[in-house]
1. Would you mind counting up the charge near V95? Only other residues with Cβ under 13 Å from its Cβ, with Lys and Arg at +1 and Asp and Glu at -1.
2. Assuming 0.36 nm per residue, please report the length gained on full extension of the stretch V95 to Q136 beyond their Cα-Cα distance.
3. Determine, for each peptide in 81-94, 123-136, the mean count of other beta carbons within 10 angstrom over its residues, then list the peptides with the highest first.
4. Taking K and R as +1 and D and E as -1, what net charge do the other residues with C-beta under 10 Å from the C-beta of G105 add up to?
Amino acid sequence: MNAACACGLLAVAVSTGAWAGDLAPSELGQPAAVQAAVQITARALVGQQNPQLQASVSQSGSDNSANLLQTGLDNQALVQQRGQGNEAGILQGGVGNRAAIDQQGALNTARIEQYGREGVARITQYGNGKSAAIIQR
């Protein structure tokens, strides 16, 4: 196996009821240092239904996953993960919500859900095996 095959990255942008050209701006960055015989994977799923929504995902390490789904207007979401086996999820509706998840370590889980107007939520986790959830309505 050569180094080019040792890295599997999957980034998918999904929107219900919209064409690919109708998706809101989003950024997916998944840098990975690839060494022979090392499987490095990162998964990000971003779904947005409005061009006034912004999402950014940055992952490094292995087996990290991020799922972002946004509806509404003027919402922003940011996920940054470094390490192994981390999971992040953000679901926002409403107007003017801001959410951010920053995780470093291994096997951390973070979830943010927001509905309504101008909710602000941030989860920061350093270490291993941590779990956090914020739900605002």
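1. Values: positive: R98, R117; negative: D74, E118.
That sum, taken over residues with Cβ under 13 Å, equals 0.
2. Working: separation 41, 0.36 × 41 = 14.76 nm, distance 1.29 nm.
Gain on stretching V95 to Q136: 13.5 nm.
3. Working: 81-94: 21.5, 123-136: 14.6.
For the peptides 81-94, 123-136, the packing ranking is 81-94, 123-136.
4. On the way: positive: R82, K130; negative: none.
Combined, the nearby Lys, Arg, Asp and Glu give +2.
Bear in mind that the values in this text are calculations on the coordinates, not laboratory data. Just so you know, these numbers come straight off a predicted model, no measurement behind them. In this analysis, Cβ positions are derived from the backbone assuming ideal geometry, glycine residues included, and neighbour counts consider all displayed protein chains.
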